[in-house]
Amino acid sequence: MNALAATNRNFQLAARILGLDSKLHKSLLIPFREIKVECTVPRDDGSFVSYIGFRIQHDNARGPMKGGIRYHPEVNPDEVNALAQLMTWKTAVANLPYGGAKGGIGCNPRELTVSELQRVTRVFTQKIHDLIGIHRDVPAPDMGTNSQTMAWILDEYSKFHGYSPAVVTGKPIELGGSLGREAATGLGVVFATEFLLDEYGMSFANMKFAIQGFGNVGSWAASFIHQKGGKVVAVSDITGAVKNPNGIDIPALLKHKEKADSLKDFEGGDAMDLNDVLVHECDVLIPCALGGVLNKENAADVKAKFIIEAANHPTDPEADEILSRKGVTILPDIYANSGGVTVSYFEWVQNIQGFMWEEEKVNYELKRYMKRAFNDIKAMCHTHNCNLRMGAFTLGVNKVARATVLRGWEA
């Protein structure tokens, strides 16, 4: 099942639990605006190349729209639509005054030089500059983009609208980026895990963790778990996988990865098959990479008691049902990986105020926001007698529906 179908399914279930009016139900699903633009740029060799760029703005009932921009050869409108919708519910769950958006350009950033990437980014910004903005739509980095991409968008946008650091988040620190932003999603995952384990009277000490994906989110999550006394017994990314039943030395693994650009040949553990990390013997499984990695083929073999969804949509609905029958507790993506967008919100707030925070304040506020959201989800689970995924979805959908009605959508 693709990301859009799965997100729609979760929305339909939440709407049914909440007893949403059918007209409101339909209105919440339809995106506010879909933008599609042509980006033609000169290559370094003088030839011209054209790409399609788009931005899906899903909902603005609770505030400006917020979401990443990805550069990927298979930027699929359906997937971007699902991710924009997911951002609407995610920002509502985290209690941030935003709606959801997502965008991208169908290019392969690995095949473009830095100057070509800059030209593509600037042309894309020229085409959409009057449809984004501090109080309209605030982009952020995503797959294939980074803080440098955001710096180019900021510069190009500022040519039309004056210096506007709050128009994008995930910027370099020197241009108004927030301290703590880089580690935010990984740290948020660890806070979420801590609150969930707390509910069961458990802590990180002596718990075994398996982490699938060792990019930004996975490596930060592994570092914080290691610091808190948790045992990371298996780690994988696209380059390889490592296991050690006594716990992997995460700082050593990070050094090895930095040097070798791969997890292969790490001396502090044994190599294993990439796909086996998901079904490895552990207490907590944290998928941090791609969507759909837990499916009906492997769900029955999962040995973890808890799954923390650090990736977007890592569990297929079929796997969801198999895992819940097995008694596995799943902390859903729209809550578990919301640390990144929460600190993006803090960055936006700091830029608007022109007053930057210390990293300790950023992390303190992140923990406070995530704790409040966790308590709100628990309250919804209690009210509607549902699992954590439906608790989070009913919370998010209810907040957006309420804001939509209060603003007088039928007038």
(request) Kindly state which helices (runs of 4 or more DSSP H) lie completely within the range 326-389 and contain at least 2 residues that are at negative phi and open to solvent by 20 Å² or more (accessible area, probe 1.4 Å). (result) 339-353, 359-384
(request) Could you please tell me which pairs satisfy a Cβ distance under 6 Å, a separation of 6+ or placement on different chains, a first residue in the range 86-98 that is in contact (Cβ under 8 Å) with a residue 40 or more places away in the chain, and a second residue that is in a helix (DSSP H, G or I) and among the charged types (D, E, K, R)? (result) Ala92/Lys399
(message) Checking the conditions here, which among Val343, Val349 is touching a residue at least 60 places away in the same chain (Cβ under 8 Å), among the β-branched types (Val, Ile, Thr) and under 21 Å from Gly67 (Cβ atoms)?
(response) Val343
(request) For residues that are among the basic types (Lys, Arg) and open to solvent by less than 90 Å² (accessible area, probe 1.4 Å), tally how many sit in the range 8-36. (result) 2
(request) Taking Asn216 as the residue in question, decide whether it is within 21 Å of Gly340 (Cβ to Cβ), open to solvent by 40 Å² or more (accessible area, probe 1.4 Å) and modelled with pLDDT under 90. (result) yes
(message) For the range 178-193, which positions are out of contact with any helix residue (DSSP H, G or I) (no Cβ under 6 Å at 6 or more places or on another chain) and either surrounded by fewer than 21 Cβ atoms within 10 Å (Cβ to Cβ) or at pLDDT below 95 (or both)?
(response) Glu182
(message) Can you find a residue that is at pLDDT 95 or above and more than 23 Å from Gly177 (Cβ to Cβ) anywhere in the range 354-369?
(response) no
(request) May I ask you to say which residue of Gly229, Gly218 is over 19 Å from the mean Cα position of the chain (by Cα), in contact (Cβ under 8 Å) with a residue 24 or more places away in the chain and assigned by the TED database to the domain that holds Val293? (result) Gly229
(request) Only residues that are part of a strand (DSSP E or B) and either open to solvent by less than 30 Å² (accessible area, probe 1.4 Å) or closer than 25 Å to Lys399 by Cα (or both): list them for the range 52-72, please. (result) Gly53, Phe54, Arg55, Ile56, Gln57, Met65, Lys66, Gly67, Gly68, Ile69, Arg70, Tyr71
(request) Would you check if there is a residue in the range 119-142 being buried (at least 19 other Cβ atoms within 10 Å of the Cβ), assigned by the TED database to the domain that holds Thr88, modelled with pLDDT of 95 or more and of a type in the set (S, T, N, Q)? (result) yes
(message) Being open to solvent by 30 Å² or more (accessible area, probe 1.4 Å) and either touching a helix residue (DSSP H, G or I) at 6+ places or on another chain (Cβ under 7 Å) or outside the structural domain of Val328 (by the TED database) (or both) is the filter here; which residues of the range 251-267 pass it?
(response) Leu254
(message) Out of everything in the range 281-313 that is free of Cβ contacts under 8 Å to residues at least 40 places away in the same chain and open to solvent by less than 20 Å² (accessible area, probe 1.4 Å), what residue ends up being nearest to Gly218 (Cα to Cα)?
(response) Glu309
(message) Just the residues that are in a loop (DSSP other than H, G, I, E, B) and aromatic (Phe, Trp, Tyr), please, taken from the range 390-411.
(response) Trp409
(request) Go through (1) surrounded by fewer than 19 Cβ atoms within 10 Å (Cβ to Cβ); (2) within 25 Å of Tyr345 (Cα to Cα); (3) of a type in the set (A, V, I, L, M); (4) in the same structural domain as Ile286 (by the TED database) and name the single condition Leu175 misses. (result) (4)
(request) Please work out if His161 is touching a residue at least 40 places away in the same chain (Cβ under 8 Å) and open to solvent by 30 Å² or more (accessible area, probe 1.4 Å). (result) no
(request) Could you check how many residues of the range 12-43 are under 18 Å from Gln57 (Cα atoms) and of a type in the set (D, E, K, R)? (result) 5
(request) Just give me the residues in the range 192-220 being under 21 Å from Arg389 (Cα atoms) and assigned to a helix (DSSP H, G or I), in sequence order. (result) Ala192, Thr193, Glu194, Phe195, Leu196, Leu197, Asp198, Glu199, Val217
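The values are calculated or read from the model by the stated rules, or taken from the named source; none is laboratory data. Everything numeric in this text was worked out from a predicted model, so none of it was measured. Counting neighbours? That spans all protein chains shown, and the Cβs are built from the backbone with ideal geometry, glycine included. What goes into the accessible areas is simple: the full protein's heavy atoms, side chains included, and nothing from ligands, DNA or RNA. Shrake-Rupley method; radii C 1.70, N 1.55, O 1.52, S 1.80 Å.
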